[in-house]
1. Using the charge dipole of the chain (Lys, Arg: +1 at Cβ; Asp, Glu: -1 at Cβ; taken about the Cα centre), state which of 241, 350, 155 has its Cα farthest towards the positive end.
2. By how many degrees, between 0 and 90 and to the nearest 10, does the Cα long axis of helix 356-365 differ from the longest principal axis of the chain?
3. For residue 34, what residues show an amide H to amide H distance below 5 Å, using hydrogens built from the backbone and excluding near sequence neighbours?
4. Where in the stretch 117-153 is the amide nitrogen less than 17 Å from a point lying 7 Å along the Cα-to-Cβ axis of residue 211?
5. Please identify, among 81, 176, 48, the residue showing maximal mean-square fluctuation in a Gaussian network model of the chain using a 10 angstrom Cα cutoff.
6. Using Cα springs under 10 Å in a Gaussian network model of the chain, which residue among 68, 213, 270 shows the largest mean-square fluctuation?
7. In vacuum, with every alpha carbon of the stretch 73-197 counted as one equal point scatterer, what does the Debye formula give for log10 I(q)/I(0) at q = 0.10, 0.17, 0.18, 0.23 Å⁻¹? Two decimals, please.
8. What is the helix-to-structure angle for 326-340, meaning the angle in degrees between its Cα long axis and the longest Cα principal axis of the chain, kept from 0 to 90 and rounded to the nearest 10?
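No value in this document is a laboratory result; all are computed from the given coordinates. None of these values were measured; they are calculated from a predicted model. FYI the Cβ positions are ideal-geometry reconstructions off the backbone, even for glycines, and counts take in every protein chain you see.
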Amino acid sequence: MNSSASAHDPATPTSSSSPSTHGVSSTRGVAFGLDTFGDTTVDRDGRPVHHAQVLRDVVEQAVLADQVGVDAFGIGEHHRPDFAVSAPDVLLAGIATRTERITLGSAVTVLSSDDPIRVFQRFATIDALSSGRAEVVLGRGSFTESFPLFGFDLQQYEQLFSEKLDLFAALLPEGPVTWSGELRPPLVDQHVYPKTEHGLNAWIAVGGSPESVVRAARYRMPLMLAIIGGPAGRFAPFADLYREANAQLSGSGSGSGSAGTDAPRLPIAVHSPGFVAETDARAAELSMRHWLTNRNQIGRERGWGDAVEADFHREVRSGAMYVGSPETVAQKIATTVRTLGLDRFDLKYASGPTPHDDLMTSIDLYGRKVIPRVRELLAEAGYTAGVPQTVSRL
């Protein structure tokens, strides 16, 4: 893969490396977001809700998140019956016209089976509709349904993401792009429209591969760690590796193309599942059976054994589930933020067919009670965004 130096150098900060840092405010420290995949829900009688209504409900959930002070709202992409959202950017465009302040992004955009130019154009359009509130989180995704659906070869899984990410990074400076690869025709001094007003913020989502962590640092893109099982402290080496790689890459270049020793620090975020209710018992009562439905459906497809109630409680107690009362959830989020040195935490607030009304209650409590309480806890601990504190790195 080759691109002109003016278009892209992996060591050169793109517009994503010195952004207004949508969802990561230097004046407020850590930012807090909500993510959803548009899980197909059920009504109070247990009957499945039509995909169309689920999509309309997601819009209302985003509007509420905006109203109660959540910093960012992310929508994931899937192509299967248990998730209603296959085109998150279309949904985000609609949400942009109903919200005022919240950052709007993907969680994630499966770049391997999409066209990088079209992805940029769609999110640049959302950025315009939202007056600069768009971001895109790029990843390979943990599901593969999009590959046969759009005619991509799973044998090229790694090459597709690597080459398309390289092209997407070349688009971020928004100048003329000269680029070549193996999987598509080259570009020569090509402009891509629409241009954004202040640059498009782009993250790379990583599930736990050291190579992927270093790649995010090489492209000078913020890192989103997807922690969906086990204790968050297991990911401390990846957060440390990302910071170390950034420090080395920003100080080791030479000439005008290097990032330089004054390159801005890049943020690290975590995406994890959870659910908030008035009490711990109520949160478990409302969420556990739906989590088990989701977990075991996917598990059977992948050859896992069925999870049981004890697995749910273990993940809540010491794993990646942030389920409970506002105080319980806030304490656990604060510990994760301090342990990993985070700039942002995103709660995936829906797991399985949880009814819309319960999701709205969870969003309301997260915005009005959890976020303010986490900020209090971090202030009491003297936490500085991006600087890990020794809490529990096991």
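1. Towards the positive end, the residue furthest out is 241.
2. 80
3. 72, 73, 74, 347
4. 139-142
5. Ranking 81, 176, 48 by mean-square fluctuation puts 81 first.
6. 68
7. The computed values of log10 I(q)/I(0) come out as -0.32, -0.90, -0.99, -1.36.
8. Taking the Cα atoms of the chain, the angle to 326-340 is about 30 degrees.
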